[in-house]
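Structure first, then comments.
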Amino acid sequence: MTTLDLSTATRRDLNGALHALPKDAPTADWTVLHPEGQHALAAGVNAPVTVTIKGHAGYYCAGMNQQATIIIEGNAGVGVAENMMSGTVHVKGDASQAAGATAHGGLLVIDGNASARCGISMKGVDIVVKGSIGPMSAFMAQSGRLVVLGDAGDALGDSIYETHIYVRGSVKSLGADCVAKEMRAEHLAELAELLAAAGVDARPEEFSRYGSGRTLYNFHVDNAGAY
């Protein structure tokens, strides 16, 4: 295991070393000490490595992640796992705004709550939030799956495309063109797989499903007020 202490090393030292790892072979796990909320920690990693951050992380931690498993043993600031392509990011505390924004793939697990705009413009990522999420989550979400064990704030799924949303708690309001949908057998199976991947012991039957009403794909004057 490789340990890097950010009380003596710099963020550039950390990211530079992680960027230099081989892309096609597993390597030694990394532990990052004293992160103290620094921004862009473990950003742009593209190697099959596990990085454990022992504390809170600032903005854009694990952004653009590919292949890596990045564990944050604390809270994460704005944009954790932003534009992630693959791999796993696990936040053991709460996440601020725009968690998983624009992410194309991989799995983001948040043990606590996520603030506003969780999964905004998500493009294929799977996000599992064990707590609740804030307003405007999954805004313009295009594909992927969002699972929420707690409650969802205002305007969930506003202007959504084809993302699947599963919420166990209450939803304060749905956004434009986001509607409640039937939970069929294939959705129960999909949700069970996501819960297992996130290490969650919950029954898929307890969740409600939401998705696109498909009325805003193309402009129509009768829907102008919804845009």
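Values quoted throughout were computed directly from the atomic coordinates according to the rules given, and no laboratory measurement underlies them. Here the structure is a predicted model, which means the values were calculated and not measured. Backbone-built Cβ (ideal geometry, glycine too); neighbour counts: all protein chains shown.
The charge dipole of segment 2-226, taken about its Cα centre with unit charges on the Cβ of Lys, Arg, Asp and Glu (plus for the first two, minus for the last two), comes to roughly 180 debye. Taking 11 Å as the cut-off, the amide N atoms of segment 126-143 that come nearer than this to a point 7 Å along the Cα-to-beta-carbon line of Glu162 belong to 142-143. Beyond 27 Å, how much of the Cα-Cα pair distribution for the chain remains, as a whole percent? Here the tail beyond 27 Å accounts for 32 percent of pairs.
Taking 0.36 nm per residue of separation and subtracting the current Cα-Cα distance, fully stretching the chain between Thr2 and Ser170 would add 56.1 nm.
Seen from Trp30, the other residues with C-beta closer than 14 Å to its C-beta sum to a net charge of -2, counting Lys and Arg as +1 and Asp and Glu as -1. As a proxy for reagent exposure, Cys61, Cys178, Cys118 were ordered by neighbouring Cβ count within 10 angstrom, fewest first; the result is Cys178, Cys61, Cys118.
Past the 19 angstrom mark, what percentage of all C-alpha to C-alpha distances in segment 1-113 do you count? Walk me through the numbers on the way to the answer.
On the way: 2128 of 6328 pairs.
Of all Cα-Cα pairs in segment 1-113, 34 percent lie more than 19 Å apart.
When the chain is treated as a Gaussian network with alpha carbon springs shorter than 10 Å, the biggest mean-square fluctuation among Arg214, Arg11, Arg168 belongs to Arg214. In the elastic network of the chain, a GNM with C-alpha springs shorter than 10 Å, the most mobile of His164, His39, His19 is His19. Each DSSP beta bridge with both residues in the chain is either parallel or antiparallel, and the antiparallel ones are about 15%.
Of all lysines in the structure, those lying under 19 Å Cα to Cα from Lys181, and not within fewer than 8 positions of it along the same chain, are Lys172. Summing charges over neighbours of Thr52, with a neighbour being any other residue whose Cβ is under 15 Å away from its Cβ, gives -2 when K and R count +1 and D and E count -1.
What shape does segment 56-97 take by its C-alpha gyration tensor, where a ≥ b ≥ c are the square roots of the eigenvalues and a/c under 1.5 counts as rounded, a/b above b/c as prolate, and the rest as oblate? Oblate shape, in that a/c is at least 1.5 and b/c is the bigger or equal ratio. Note on Val200 and Ala28: the model spin-label points, each 7 Å out from Cα along the C-beta direction, lie 3.6 nm apart. With the Kirkwood sum run over all distinct C-alpha pairs, segment 1-61 has a hydrodynamic radius of 11.5 Å. The angle between the Cα long axis of helix 185-197 and the main principal axis of the chain comes to about 20°, on a 0 to 90 degree scale. Coupling constants for segment 177-182 follow from the phi torsions by the Karplus curve (6.51 cos²θ - 1.76 cosθ + 1.60, θ = phi - 60°), and in residue order they are 6, 9, 10, 6, 10, 5 Hz; glycine and proline get x. Share of pairwise Cα-Cα distances greater than 18 Å in segment 115-227 is 44 percent (whole percent). Under 5 Å between amide hydrogens, built in the peptide plane, is the criterion, and for Gly144 it picks out Gly124, His164 among residues at least 5 positions away or on other chains. For Gly74, the residues whose amide H sits under 5 Å from its own are Gly55, Lys92, Gly93, ignoring neighbours fewer than 5 places away on the same chain, with H placed 1.01 Å from N.
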